[in-house]
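Okay, structure first, notes after.
Each reported figure results from applying straightforward, stated rules to the coordinates on display, with no laboratory input. Please read all numbers here as calculations on a predicted model, not as lab measurements. So basically every Cβ, Gly included, is an ideal-geometry build from the backbone, and we count neighbours across all protein chains shown.
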Amino acid sequence: MTDISTAKAWLAEARHPVSFSGAGLSAESGIATFRDPDGVWAEIDPEQMASPHGFSSDPERVVAWYNARRRANEGAKPNPAHLALSSQSHMIHITQNVDGLLEAAGATNVLHLHGTLTRDRCHAGCGYAVAATKTGLYHCPECGGAMRPDVVWFGEMLAGSVVRAAETAAYGADVMLVVGTSAVVYPAAGLIEMAYRSGAKIVVVNQEPLDLGVGVELIGNAGDILPDLFT
Ligand code: BV8
């Protein structure tokens, strides 16, 4: 059997399939990835722009950078990869992505490990959160703390409830479909090994090899490969 036919057979038989996705899933929707040569991190130091330290040292610069990303993503629409995943109603979608394209494609059970760009939240941690306004730096109406994007920065803990749900899904998965990620950010990337060690078959769909050494690896564009996996 070829790798694609193996992957199709595994997914067709799966009773507890899970997807684990990164920025490569949204690349064909025009949203920049992070570590590609022309990616989001190409121009800036992640520690400066995506960390509490960076925000504290220059909150206006960080807010302006995120609002520029929000504006750049405004016209983004789900691509065939999002639509293929959302067609699998019994699949749980664990994503590192902060866009809402899986939901826009109709997916329901989506777990956002790294938060969402669609919302802002109070940096002081009072719990206030609101739909992102794309204006400049502003302050929490509840406690006066600075408002920041509702994403998880480097050095910040992921939301416990999301991590628990993602770990439960990974442990219980019989197939994990890993799509468009360099799998270098933890604890997110640890979910792949967690699924594998719990008996899941691993299918990787990525432009570049991850060489995980387990399962099958389909190299190419997610928007080309995923629709074929479910036909
Ligand atoms: C944590 C913010 C614990 C949102 C992101 C020091 C202190 C604390 C922690 C650490 C530390 N040093 C290291 C760590 C751990 C750190 C980490 O993992 N660092 C890495 C870089 C080494 N992790 C953390 O800090 C996490 N928190 O550990 O807290 C803690 C303990 C005590 C006290 C406090 C805390 C938090 C991690 C979250 C960081 N936030 N983003 C934003 O700005 O958007 S991470 C960032 O990388 C994005 O969120 C993204 O989701 C994530 C992963 O990137 P990918 O999605 O994989 O994207 P990438 O570009 O890398 O790859 C795309 C792939 O797609 C490529 O392979 C490409 O070939 C492929 N592709 C492209 N196009 C296509 C395609 N494939 C198919 N089709 C296509 N068309």
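What to note about this one:
- Qualifying residue in segment 172-188 (condition: touching an Asp or Glu at 6+ places or on another chain (Cβ under 6 Å) and surrounded by fewer than 18 Cβ atoms within 10 Å (Cβ to Cβ)): no
- For segment 50-89, the tally of residues that are away from the ligand (no atom under 15 Å from the Cβ) and closer than 25 Å to LEU111 by Cα stands at 6.
- Boolean, ALA76 is over 25 Å from GLU193 (Cα atoms) and in contact with an Asp or Glu (Cβ under 7 Å, 6 or more places away or on another chain): yes
- Filter result for the condition that a residue is aliphatic (A, V, I, L, M) and under 30 Å from ASP224 (Cα atoms), over LEU158, LEU137, LEU101: LEU101
- Residue within segment 79-96 that is within 30 Å of LEU218 (Cα to Cα) and surrounded by fewer than 14 Cβ atoms within 10 Å (Cβ to Cβ) present: yes
- Condition met for ALA72 (hydrophobic (A, V, I, L, M, F, W, C), in contact (Cβ under 8 Å) with a residue 40 or more places away in the chain and within 30 Å of ILE225 (Cβ to Cβ)): yes
- Taking segment 171-231 and the strands (runs of 3 or more DSSP E) fully enclosed by it, the elements with 1 or more residues that are more than 19 Å from the chain's Cα centre (by Cα) are at 201-206, 216-219.
- Checked across segment 14-33, the condition of being in a helix (DSSP H, G or I), within 18 Å of the chain's Cα centre (by Cα) and of a type in the set (Val, Ile, Thr) holds for no residue.
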